[in-house]
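Here the structure is laid out as structure tokens; the discussion comes afterwards.
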Amino acid sequence: MDKKIFRLAVPNIITNITVPLLGMIDIAIAGHLGSAIYIGAIALGANIFNMIYWNFGFIRMSSSGFVAQAYGARNFTEAMNVLIRSLIVGLGIGLLIVLLQFPIGKFALSLIKSGTESKNAVETYFRICIWSAPAVLGTYAFKGFFIGMQNAKTPMIIAILNNLLNIALSFLFVFGFGMKVAGIALGTMLSQVITFIICILMWHRFYGRLKKYIVKSSIFDTTAIRSFFKVNGDVFVRTFLLTLVTTFFTFVSSGMGDMILAANALLMQFFMLFSYFMDGFAYAGEALTGRYVGANNKAMLVQMLKRLFFWGFIVSAVSVAIYLFFPNQILQILTNDIAVIETTKSFLFWTILIPITGFAAFLWDGVFIGATASKEMRNAMIFSAVIFFACYYITTPSMGNNGLWLAFILYLSIRGIAQTIWAKKALLTPKSPAGTW
């Protein structure tokens, strides 16, 4: 079982680790432009797109869960149906985002409480990156399909190519053409469009043979469509609240001054590094859970869960050690601004708690997605989000930024605890293409 987990987890870890590293590089580029304003602007700009795209993360999640179950049941017609449905939804929403970019941008910018210069930089970033929305959401559909087919290597290759393109183009536009924030944005946008094209080519190369399983009359089967949108609706609510908490965190930081905003932007890189690393194992759990649910193999599911959480605990312990003993080295990579580094050090304690309180929530998310147990995952997020906002409004007036971090840590803890309590119920009666337990 360990071999199966690592066969999926390691490529996904490599895939996911490039995402926070890319964010760190964007922050690092901004951190060497001579002002804390640029660090905050990139953090705010990235969070606007997190707010937009994470809300539609259900395109990837439901795709991988349904495809994995179809794979376990050896139902390749349904696997192709899920991909086609996800692409239609993803590209459609992406085009709608482009058409509505002006009201979306106006609303997002109205939430920012920092100065005029910072707002202008964020608006520049937004106006350029928004054009790649259809490509980003289309890529979500392909990534979910690949993971559901137990293929972690192809998403890894795609992610590496995307990030290499992004880094190279950002460096070229920023340091070659002196474009500053606009250069980082243009590099990001172009790399996302090229990545979607690469996804199409990769699918054609490895899964083009599955075209013969496409049955047009079954793509829009009423029962399947109803199940598809029910799960997507639950995951949308869950992801909306996750995005709301994360985005609220950054926007609240912007109202605490440019130094606190920059410090929290750096500290959130610690969270993102851990989350994407842990998500490698969550994706493995996602693919294997869906496979065993689709095959109606409960014994293998239980065995996989035990090993998955064992390795999750090990990863969490290693992360705590790194954050405890090497925080200065990480901060010095991110910025050379001494004032920002000194401000950030005042809140480093919270980064040590991130792996301890967060690892269970990440792993259960993967398992619940694979089982398409969307209701329990949604309810856990609702409960933890309520705790986050209650704690924030109670503690922040007296504790300031420490109160904000306390609320965030409690939010992570409650998510994991609630999902652990509800896991037995969620996994005892999963639905699959082959039936039920």
Review point. Taking K180 as the anchor, which lysines have their alpha carbon closer than 20 Å to its alpha carbon, excluding any fewer than eight residues away along the same chain?
Key: K119
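Would you please put 99-111, 195-207, 63-75 in order of how densely packed they are, using the mean number of other Cβ atoms within 10 angstrom per residue and starting with the highest?
Per-residue Cβ counts within 10 Å, averaged per peptide and sorted highest first, yield 63-75, 195-207, 99-111.
Cβ under 12 Å from A43's Cβ, A43 left aside: what net charge do those residues give with Lys, Arg +1 and Asp, Glu -1?
Here the count lands on -2.
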Practice item. Excluding residues on the same chain fewer than 8 positions from K345, give the aspartates and glutamates whose Cα lies under 18 Å from its Cα. Key: D258, D337
Exercise for review: Return one number: the angle in degrees, 0 to 90 and rounded to the nearest 10, between the long axis of the Cα atoms of helix 116-129 and the longest principal axis of the Cα atoms of the chain.
Suggested key: 30 degrees
Study note, to complete from the structure: Taking Cα atoms, the helix 222-254 axis meets the longest principal axis of the chain at an angle in degrees (rounded to 10) of 10 degrees
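Which net charge results when you count Lys and Arg as +1 and Asp and Glu as -1 among the other residues whose beta-carbon is under 13 Å from that of I198? Could you put the intermediate results ahead of the total?
Numbers: positive: K143, R205; negative: none.
Summing Lys/Arg as +1 and Asp/Glu as -1 gives +2.
In whole percent, what relative contact order does the chain give with Cα contacts below 8 Å and a gap of six or more residues?
Values: 707 pairs, mean separation 110.9, N = 437.
In percent, rounded to a whole number, it is 25.
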Check your understanding: For M51, what accessible area in Å² do you get when you roll a 1.4 Å probe over the heavy atoms of the protein chains, rounding to the nearest 10?
Key -> 40 Å²
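Of K3/K153; K4/K306; K153/K230, which ones are farther than 21 Å apart at the Cα? Can you show the working numbers first?
Numbers: K3/K153 15 Å; K4/K306 13 Å; K153/K230 30 Å.
Flagged as over cut-off: K153/K230.
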Study note, to complete from the structure: Helix 133-148: inclination vs the chain longest Cα principal axis, degrees, rounded to 10, gives 50 degrees
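Run lengths n ≥ 4 of DSSP H only: what is the helix-derived mean residue ellipticity at 222 nm for the chain, with -39500 (n - 2.57) per run over all residues, to the nearest 500?
Details: 18 runs with 367 residues, N = 437.
It comes out at -29000 deg cm²/dmol, rounded to the nearest 500.
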Review point. What whole number of Å gives the distance from the Cα centroid of segment 374-398 to the Cα centroid of segment 246-320?
Key: 18 Å
Study note, to complete from the structure: Taking a label point 7 Å from the Cα of R209 along Cα-to-Cβ, the residues of segment 57-85 whose backbone nitrogen sits under 14 Å from it are 76
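Ordered by packing density, taken as the mean number of other Cβ atoms within 10 Å over each peptide's residues, highest first, how do 306-314, 125-133 rank? Display every interim value, and only then the final one.
Numbers: 306-314: 16.4, 125-133: 21.4.
Taking the mean over residues of other Cβ atoms within 10 Å, the ranking is 125-133, 306-314.
What does the charge count around M377 come to, taking other residues whose C-beta lies under 11 Å from its C-beta (Lys +1, Arg +1, Asp -1, Glu -1)? Mind showing how you got there, number by number?
Details: positive: R238, K375, R378, R415; negative: D234, D365, E376.
Value of the local net charge: +1.
The values are calculated or read from the model by the stated rules, or taken from the named source; none is laboratory data. Being a predicted model, the structure only gives us computed values, none of them experimental. Backbone-built Cβ (ideal geometry, glycine too); neighbour counts: all protein chains shown. Heavy atoms of the whole protein, side chains included, go into the accessibility calculation; ligands, DNA and RNA do not. Shrake-Rupley method; radii C 1.70, N 1.55, O 1.52, S 1.80 Å.
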